[in-house]
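To start, the structure itself, in structure tokens.
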Amino acid sequence: MERTFAALLIRELGPGAGFRRPTQTLAARVTLDSPALEAMTDLTRASPATIRAQAPIEGANRFMIARGVRLLLVADDREAVLGVITATDILGEKPVRVSVERGLKRSELTVGDIMIPAGNVEVLSLGDVEGARVGHVVETLKRAGRQHALVVDSGGERSMVRGIFSVSQIARQLGLVLQTSEVARTFAEIEAALVR
């Protein structure tokens with residue numbers, strides 16, 4: 001019995017968004033039919049990995065490795081989200097392109113030089129996620145070709161990043177061991193393992 005999941009609506013984060021803060025333990029196992037919130041890192045219960053825009057990209061890469069994450073929220077001193085940076089941003093071709101454009105050495109680049117600015121970050125609404133299943137999130141990430149999705153709570157005076165979905169975390173909670181972080185292969189591995 002094959003199920004089809006529709007992708008959730010993707011929105012833009014926009015400038016001035018903040019993020020929620022801590023205390024979560026993840027559900028040990030989920031299925032594609034489990035509530036999506038069981039696979040979301042809830043920032044009201046778990047601290048997000050954050051970094052300043054002025055940090056060198058090599059320091060950001062080391063911090064990701066130390067925290068065991070592949071996405072950092074870029075925040076200012078008031079904890080306003082300025083953007084996001086991923087391991088792909090740091091390890092891909094973007095730093096080379098920016099170095100050449102700006103006449104800088106790669107070692108001189110900062111997180112702010114290669115991050116995705118908040119105005120360009122696509123997000124999911126907490127309201128949409130609350131009624132969704134893990135399968136909806138997997139399909140949304142697959143269609144967007146992304147490893148991560150931020151979830152935003154817009155209730156209040158400003159938007160707040162409330163949670164983060166990660167393909168690798170979802171795969172672990174589904175009981176899968178992924179061999180690669182490449183997006184297309186990751187989704188192929190999830191689908192292949194779930195068909196068995």
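The values are calculated or read from the model by the stated rules, or taken from the named source; none is laboratory data. All values reported here derive from a predicted model rather than from experimental measurement. In this analysis, Cβ positions are derived from the backbone assuming ideal geometry, glycine residues included, and neighbour counts consider all displayed protein chains. All accessible areas refer to the heavy atoms of the entire protein, side chains included, with ligands and DNA or RNA removed. Shrake-Rupley method; radii C 1.70, N 1.55, O 1.52, S 1.80 Å.
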Qualifying position, being at pLDDT below 95, out of contact with any Gly (no Cβ under 8 Å at 6 or more places or on another chain) and hydrophobic (A, V, I, L, M, F, W, C), among L91, L43, L72:
L91
Go through (1) crowded, with 19+ Cβ neighbours inside 10 Å; (2) not in a helix (DSSP H, G or I) one by one and return the number of the condition I90 breaks.
(2)
Number of positions in segment 143-189 that are touching a helix residue (DSSP H, G or I) at 6+ places or on another chain (Cβ under 6 Å) and modelled with pLDDT under 85:
4
Between residues in segment 85-106 that are among the hydroxyl-bearing types (S, T, Y) and residues that are open to solvent by less than 50 Å² (accessible area, probe 1.4 Å), which pairs lie under 6 Å by C-beta distance while being six or more apart or on different chains?
T86/L71
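For every residue, the table says whether it meets (1) over 23 Å from G127 (Cα atoms); (2) among the hydrophobic types (A, V, I, L, M, F, W, C).
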{"site": "T31", "(1), (2)": "no, no"}
{"site": "D42", "(1), (2)": "no, no"}
{"site": "R45", "(1), (2)": "no, no"}
{"site": "I51", "(1), (2)": "yes, yes"}
{"site": "Q54", "(1), (2)": "yes, no"}
{"site": "I57", "(1), (2)": "yes, yes"}
{"site": "N61", "(1), (2)": "yes, no"}
{"site": "M64", "(1), (2)": "yes, yes"}
{"site": "G68", "(1), (2)": "yes, no"}
Those residues of segment 144-166 which are in a strand (DSSP E or B) and over 8 Å from the mean Cα position of the chain (by Cα), in sequence order
V151, V152, D153, M160, V161, R162, G163
